């Protein structure tokens, strides 16, 4: 999953991003960057912008992330003031007509927008990531479809995991454990192993509650 911002090249692009289904990096004058070549990108940045040292390395890393590392099907978060927009990324593409300093949104990726949420409703799992304020950025942990569904609903992982479909009374639990203990005395080795594993699993879960 990746993080982008609506402010690109000193201009808020959220309306264009959401209406035309894309995100972009500001980088006029560099031409089409696909397929990505670090040496070619470096040469263009030095020639067009006169970059060197840390600034040069940082720009190369940002462009590599956007052009090469991001992939079709990855999730993207677009920070737009007090809102966060969730989307599904498409491929990189280059728009020649936007390759000028007035626009500069020539380096683009298509996006299928899924949902928008107020920043306050974003789960704690993402708030520290958003707080870093680095754009573009990559979320270092894998994101499952289940996690994304929770985030899109405005819920959190902890709230989703804490829900219990039903409660079991202590008497029933004790009876079940007694049955497992009897099973551990069986002549069937496999049955004893299954019973022991079930008891250990119950004990481990009880300690974590």
Selection from segment 47-91 of residues that are at pLDDT below 95, over 14 Å from the mean Cα position of the chain (by Cα) and in a loop (DSSP other than H, G, I, E, B): 81, 82
Given (1) crowded, with 16+ Cβ neighbours inside 10 Å; (2) closer than 19 Å to residue 134 by Cβ, residue 44 misses just (2)
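Is it true that residue 123 is in contact with a helix residue (DSSP H, G or I) (Cβ under 6 Å, 6 or more places away or on another chain) and assigned by TED's automatic domain parsing to the domain that holds residue 26?
Numbers: in contact with a helix residue (DSSP H, G or I) (Cβ under 6 Å, 6 or more places away or on another chain): yes; assigned by TED's automatic domain parsing to the domain that holds residue 26: yes.
Criteria met by residue 123.
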Within segment 93-209, which helices (runs of 4 or more DSSP H) (wholly inside it) include 1 or more residues that are modelled with pLDDT under 85, under 32 Å from the mean Cα position of the chain (by Cα) and farther than 30 Å from residue 34 by Cβ? 124-131, 145-152, 157-162, 189-208
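The values are calculated or read from the model by the stated rules, or taken from the named source; none is laboratory data. Predicted, not measured: the structure shown is a model, and the values here were computed from it. Neighbour counts are summed over all protein chains in view; Cβ atoms, including those assigned to glycine, are modelled from backbone coordinates with ideal geometry.
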